[in-house]
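One structure below.
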Amino acid sequence: MTSSISEAAPSGLDSPFPWDRKCPFSPPDQYAQLVAEQPIGKTMLATGREAWLITGYHNIRQLLTDPRVSSSRREENFPFYFPIPEVFRTETSFIGYDPPEHTRTRRKAAITFTYRQTQKLRPQIEKIVDETIDRMIAKGSPVDLHHELSLPIPMTVICLLLGIPYEDHEFFQKHGAVLLAGDSTTQQRQAAMVEVGGYLENLIAIKEKTPGDDLLSRAIDEYRSSGEEYETRDLVNLCRLLMNGGHETTASMISIGTACLLEHPEELAKLKADPSLVPSALEEVIRFLTIGDAAIARVAMEDIEIGGVTIPKGDGILCVAFTGNRDPEVYENPDQLILERGNRKHLGFGYGLHHCIGADLARLELEIVWSKLFQRLPDLRLAIPYKEIRTKEGAVIYGVWELPVEF
């Protein structure tokens, strides 16, 4: 028997979603209550709208492969969980499209992010990581690892891929932080969108006249060779998506992942003793932290039955990935970090049609960073207790503002 609780009040949890993490490595306290009392239920968002929260590994995977859900930001009840300028509904790329538009647009970028293509970047990324660690060491101990290592490495890599001059990286870091932060105002997000859009329009004009060996130039060439018409805004939105997704998420993962490893010395000792463990370890760290906890938003295009509940057509949906990655039905002792068990079945990169296009690139960057960082700085340690780390509460991508370390 199924039930619909679409007319019910939100689940009664005491503050609007998203909820703050009291500890960088643990889910919000409300998750345990949600999973125990209402694994599929409604809650209030910070925007004042209601949405369904989907918890549990199997429920989330089922929902993300259901053709009756939409990723379109144009849908009236799309569950943005903080106030956004209206332009966010239209100025998006394939992350906010459904097939066939999603398929066509994602294809322009996909060729750059295949496993084979990303592995070709290994020598360049190794050089970038080594040079960045060199500069961090030269600054001396203590140092802010987040600003000296985590931010510059993925920014250098994504600038390289997109053909963006690296000297402009601070411009993108500043505006990317505004777009993804939980405490930015609607006006601040709007202004950041306009400034980034203007920059990218100028860059596209240059690439149209003088193409290079980069993703943006290849996308322009593919449009032209296929005979497809395109608007500059299509490429602007593609670049903005890849800049934010390819930089902010990886930078946050490097910082919080490093802190997490340092706070689990027995597990870190295994990594130092056996560098071949790094590929497995990074998957486990991604599962354990789930920095894109509630970044998976959808809208029901038909009535959908799931977990004994019917979600009505038109309602907004958020998949709470942390609850899937800590699901005891899937992971034994899910709240323990066990590096040897790492595998790719976690939900850290999403699942289904919109699985993260840059997953293999992120994995490569993390592998190289953690292989080299702990090899070159075996005595690396946090300079302050991890509970004092300033975290980005309520942001789209969970992260930290700084990470003081000593070596």
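Give the residues of the range 187-210 that are part of a helix (DSSP H, G or I) and either at pLDDT 85 or above or farther than 26 Å from Phe82 by Cα (or both), sorted by residue number. Gly198, Tyr199, Leu200, Glu201, Asn202, Leu203, Ile204, Ala205, Ile206, Lys207, Glu208, Lys209, listed by residue number. Tallying residues that are out of contact with any Leu (no Cβ under 7 Å at 6 or more places or on another chain) and small (Gly, Ala, Ser) within the range 107-129 yields 1.
Picking from residues in the range 213-244 that are assigned to a loop (DSSP other than H, G, I, E, B) and touching a helix residue (DSSP H, G or I) at 6+ places or on another chain (Cβ under 9 Å), the one that is most open to solvent (accessible area, probe 1.4 Å) is Glu229.
For the range 297-343, a residue qualifies if it is open to solvent by 20 Å² or more (accessible area, probe 1.4 Å) and among the aliphatic types (A, V, I, L, M), and the qualifying residues are Met301, Val330, Ile338.
The number of residues in the range 44-67 being in a helix (DSSP H, G or I), among the aliphatic types (A, V, I, L, M) and in contact with a Ser or Thr (Cβ under 9 Å, 6 or more places away or on another chain) comes to 1. Report whether or not Glu365 is modelled with pLDDT of 95 or more and open to solvent by less than 60 Å² (accessible area, probe 1.4 Å). Answer is yes for this residue. Does Thr90 satisfy being among the hydroxyl-bearing types (Ser, Thr, Tyr), over 30 Å from Val369 (Cα atoms) and free of Cβ contacts under 8 Å to residues at least 24 places away in the same chain? Yes; evaluated as a whole, the condition is true for this residue. Among the residues of this structure, Asn343 does not count as one that is of a type in the set (S, T, N, Q), in contact with a strand residue (DSSP E or B) (Cβ under 7 Å, 6 or more places away or on another chain) and over 25 Å from Val178 (Cβ atoms).
Restricting attention to the range 80-110 and to residues that are among the β-branched types (Val, Ile, Thr) and more than 20 Å from the chain's Cα centre (by Cα), the residue that is modelled with the highest pLDDT turns out to be Thr103. Scanning the range 13-43 for residues that are outside any loop (DSSP other than H, G, I, E, B), touching a residue at least 24 places away in the same chain (Cβ under 8 Å) and open to solvent by less than 60 Å² (accessible area, probe 1.4 Å) returns Phe17, Tyr31, Leu34, Ile40, Gly41, Lys42, Thr43.
The values are calculated or read from the model by the stated rules, or taken from the named source; none is laboratory data. Quick caveat, the model's predicted, so the values are computed rather than measured. Don't worry about glycine lacking a Cβ; one is built from the backbone with ideal geometry, like all the others, and counts go over all protein chains shown. Accessible surface is based on the protein model in full, side chains and every heavy atom, while ligands, DNA and RNA are left aside. Shrake-Rupley method; radii C 1.70, N 1.55, O 1.52, S 1.80 Å.
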